[in-house]
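What follows is calculated from the coordinates using simple rules that are stated; it is not laboratory data. Bear in mind that the values here come from a model prediction, so they are computed numbers and not experimental data. Because the Cβ atoms are built from the backbone with ideal geometry, glycine has one as well, and the counts that use them run over all protein chains shown.
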């Protein structure tokens, strides 16, 4: 009898250990496909940083090129790699949720990759292109590094707060019913910076001057940094799947947007990101601050 009770207790302890997310085995478990997507996210972020550095080398080169590409080409490569990192970031979360393979290791790995792809890479991109002594305005030389650091700091803190909010130990089985993000998501912040840089690069091809536009960029980066750490709610899209239904008007509007995106890529992408930012702000301002008393 004592043997059976002991075996039952051992099985119960084994089951509790398997369900504990902080168990050594569970915490270090690597699910192949979701973490492969996260590795792709980190790779894109790293290559974006490399292209930012190569753009600076091309700027100082005698022929204006580095590895057969001009400064503007390297910046464009960096922008598209940031977009690629965002695509991988979307896929890793989707695959993890679809397969029921979410893990603490995957969450931490994803956040570390996001710091590189959506924190360091956009900060360097904006600093090198706009806030540098050659491209920007003279007084940016003293504050450019600080603006980039504030953006990076808020991105890292936003990711840390997200990990705390979604920690399974804190929820104890109870999750928030809302599917919204609290604060501007880091990929959306990086996408806004990248799309703005892409727009300015295409503008510079005809105008050859960024100084008139550069005045607004530090303030936009500070606004994005503030929104990442704010409590403004933004739609996440996590509940959109193959079974999601929508109204006819929404479906037609989405098709129109896809058409505009294919025709006016740089402008449409920038408008989409800015629209997402201000949609959250307007919805936040229109939300009642105090609960209404029942009549």
*Calculate, in nm to one decimal, what residue 261 and residue 223 gain on full extension: separation in residues at 0.36 nm each, minus their alpha carbon distance.*
11.2 nm
*Would you mind ranking 145, 80, 285 by Cβ crowding within 10 Å, fewest neighbours first?*
285, 145, 80
_Please arrange 284, 74 by how many other C-beta atoms lie within 10 Å of their C-beta, fewest to most._
284, 74
